[in-house]
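Engineer: If you scroll down you'll find the structure; I have some questions about it.
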Ligand SMILES: *Cc1c(COP(=O)(O)O)cnc(C)c1O
């Protein structure tokens, strides 16, 4: 039977070229700074994003946590979206491990927080209040339709941050998807932020790893934070080698995933039983809302799975599909047929 796995782009497996690079990787002790492959990945990533330095970490969650713990102290406050991955899916790590206070602001369907809402959330100097320290953005925005934040919005947030002397962190797990969708270099999307994390292990197909980028001073401190969290890895070059192939070979093809997501969304929008916010499908994430009440997302996902198509139930009336390297255009047609049968 055909298998089409649309649950997430985290399911992507390393390419044959990655496996060869992993087997051949030159390695050393990265805690001593002696792994040449990790060092190469870090300098490539820094250059690609136009930052002074970079740090290889085990996951996006660790990258965000390392960044926030490095930028903020106990009792400091972070302004972030109420739908953000950091707030929703990271166990409240900033509070649990760092004593950092999250201040949520409503995310709009396009992943932005309204500038006036951000401004309203900034604390004044008052003995009752925590100190506002940082604004956290997410690009593309996972729970907000995978929507990309564009340079003009980012400049607006930067102006606010400058006015109120706040730092900005960007959770750029899918920053290269944003760059592809907006047709701007990724470095333009991170020029206004103090720190940024991106994932090698999602659409870019590496088996493990994320990278944090920022100034040399920030990365020096972040390296200490990574160590205290137990994230100092030794011969990590075997992992970084796949990351290098990810940066060299996999960024250029992300637009194919976006086209497939678009085709899937347009094909599904034809079904009366489904509703899709087509305007908002810009990258590789499609949210599918079920208009019917006699079938739950879990039941629909089960029916589709019997035909080899896997999606993720993400809400009481919602499923999510994420296109990725292993999903070809023919798989989109197959998925649309499978929906037809499952809804019949
Ligand atoms: C996946 C994801 C993360 C976390 O990455 P992990 O490697 O799964 O820890 C962080 N932010 C966003 C927006 C993500 O989609």
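Engineer: If I ask for residues that are within 15 Å of the ligand (Cβ to nearest atom) and buried (at least 24 other Cβ atoms within 10 Å of the Cβ), which ones from the range 180-201 would you list?
Structural biologist: 189, 190, 193, 195, 196, 197, 198, 199, 200
One line per residue, one yes/no per condition, for (1) buried (at least 20 other Cβ atoms within 10 Å of the Cβ); (2) touching a residue at least 12 places away in the same chain (Cβ under 8 Å):
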{"site": "262", "(1), (2)": "no, yes"}
{"site": "270", "(1), (2)": "no, no"}
{"site": "275", "(1), (2)": "no, yes"}
{"site": "290", "(1), (2)": "yes, yes"}
{"site": "293", "(1), (2)": "no, no"}
{"site": "332", "(1), (2)": "yes, yes"}
{"site": "341", "(1), (2)": "no, yes"}
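Engineer: Out of the residues in the range 49-77 meeting the condition of being within 12 Å of the ligand (Cβ to nearest atom) and surrounded by fewer than 24 Cβ atoms within 10 Å (Cβ to Cβ), tell me which one is nearest to residue 238 (Cα to Cα).
Structural biologist: Filtering the range 49-77 for residues that are within 12 Å of the ligand (Cβ to nearest atom) and surrounded by fewer than 24 Cβ atoms within 10 Å (Cβ to Cβ), the one nearest to residue 238 (Cα to Cα) comes out as 58.
Engineer: Continuing with the same structure: Is it true that some residue in the range 142-157 is in contact with a strand residue (DSSP E or B) (Cβ under 9 Å, 6 or more places away or on another chain), without any contact (Cβ under 8 Å) to a residue 40 or more places away in the chain and assigned by TED's automatic domain parsing to the domain that holds residue 243?
Structural biologist: Checking the range 142-157: at least one residue is in contact with a strand residue (DSSP E or B) (Cβ under 9 Å, 6 or more places away or on another chain), without any contact (Cβ under 8 Å) to a residue 40 or more places away in the chain and assigned by TED's automatic domain parsing to the domain that holds residue 243.
Engineer: Would you mind finding the one in 231, 220 that is more than 24 Å from residue 332 (Cα to Cα) and either crowded, with 24+ Cβ neighbours inside 10 Å or within 16 Å of the ligand (Cβ to nearest atom) (or both)?
Structural biologist: On inspection, the qualifying residue turns out to be 231.
Engineer: Being under 25 Å from residue 289 (Cα atoms) and either within 16 Å of the ligand (Cβ to nearest atom) or touching a strand residue (DSSP E or B) at 6+ places or on another chain (Cβ under 8 Å) (or both) is the requirement here; does residue 84 meet it?
Structural biologist: Answer is yes for this residue.
Engineer: Now, a different point. Look at residue 133 and say whether it is in contact with a strand residue (DSSP E or B) (Cβ under 7 Å, 6 or more places away or on another chain), within 24 Å of residue 98 (Cα to Cα) and surrounded by fewer than 24 Cβ atoms within 10 Å (Cβ to Cβ).
Structural biologist: yes
Engineer: Further question: Quick one: count up the residues across the range 181-194 that are within 14 Å of the chain's Cα centre (by Cα) and over 15 Å from residue 111 (Cβ atoms).
Structural biologist: The total comes to 2.
Engineer: Here is a check on your reading of the model: is residue 105 touching a residue at least 24 places away in the same chain (Cβ under 8 Å) and farther than 25 Å from residue 228 by Cβ?
Structural biologist: Spelling it out, residue 105 is indeed touching a residue at least 24 places away in the same chain (Cβ under 8 Å) and farther than 25 Å from residue 228 by Cβ.
The values are calculated or read from the model by the stated rules, or taken from the named source; none is laboratory data. From a predicted model like this one, the values you see are computed outputs, not experimental measurements. Cβ coordinates were reconstructed from backbone atoms using ideal geometry, including for glycine residues, and neighbour counts include every protein chain displayed.
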